[in-house]
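The values are calculated or read from the model by the stated rules, or taken from the named source; none is laboratory data. Quick caveat, the model's predicted, so the values are computed rather than measured. Cβ atoms come from the backbone with ideal geometry, glycine included; neighbour counts cover every protein chain shown. Heads up: the accessible areas ignore ligands, DNA and RNA and are worked out on the full protein's heavy atoms, side chains in. Shrake-Rupley method; radii C 1.70, N 1.55, O 1.52, S 1.80 Å.
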Amino acid sequence: MFRLFLCLSLIAGPALAADPRITCRGPGGGHLGTGPACASLGALLAGRDITVALELTRDEPQTLAGRLVWQAGGRSIAGPVVEVTAAERPLDARAGARLARGLVQVSDLP
């Protein structure tokens with residue numbers, strides 16, 4: 001499991017740095033980190049002229065939660081918190097993609 005996460009983090013790293021529209025931050029030492037969600041968010045926002053920050057609020061083996069923050073009309077807007085959970089086993093990188101999809105769906109992005 002650790003090797004898989006490390007591999008995914010290394011793969012997602014360069015793609016994240018290439019998209020200056022997205023900033024990702026979260027609690028240090030978490031289960032998945034911001035990599036999987038940020039990589040998915042970049043693809044979901046392709047073609048949109050928006051700059052967002054992904055703020056992970058929980059990064060635990062069975063819960064990944066966060067929200068998007070963006071600028072509109074000269075002010076900072078924070079979207080609702082979306083949570084992805086698993087009852088029986090630890091979350092894997094697919095949870096990051098689910099979180100990103102949920103955030104884009106429920107946030108009122110311009």
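Could you say whether any residue in region 88-95 is open to solvent by less than 70 Å² (accessible area, probe 1.4 Å), in contact with a strand residue (DSSP E or B) (Cβ under 8 Å, 6 or more places away or on another chain) and closer than 13 Å to LEU32 by Cβ?
Within region 88-95, one or more residues are open to solvent by less than 70 Å² (accessible area, probe 1.4 Å), in contact with a strand residue (DSSP E or B) (Cβ under 8 Å, 6 or more places away or on another chain) and closer than 13 Å to LEU32 by Cβ.
Take the residues in region 64-80 that are more than 13 Å from the chain's Cα centre (by Cα) and in a strand (DSSP E or B), then tell me which one is farthest from GLY42 (Cα to Cα).
Among them, the one singled out is ARG75.
With the requirement that a residue be in a loop (DSSP other than H, G, I, E, B) and within 17 Å of GLY26 (Cβ to Cβ), what does region 81-106 give you?
Within region 81-106, VAL81, PRO90, LEU91, ASP92, ALA93 qualify.
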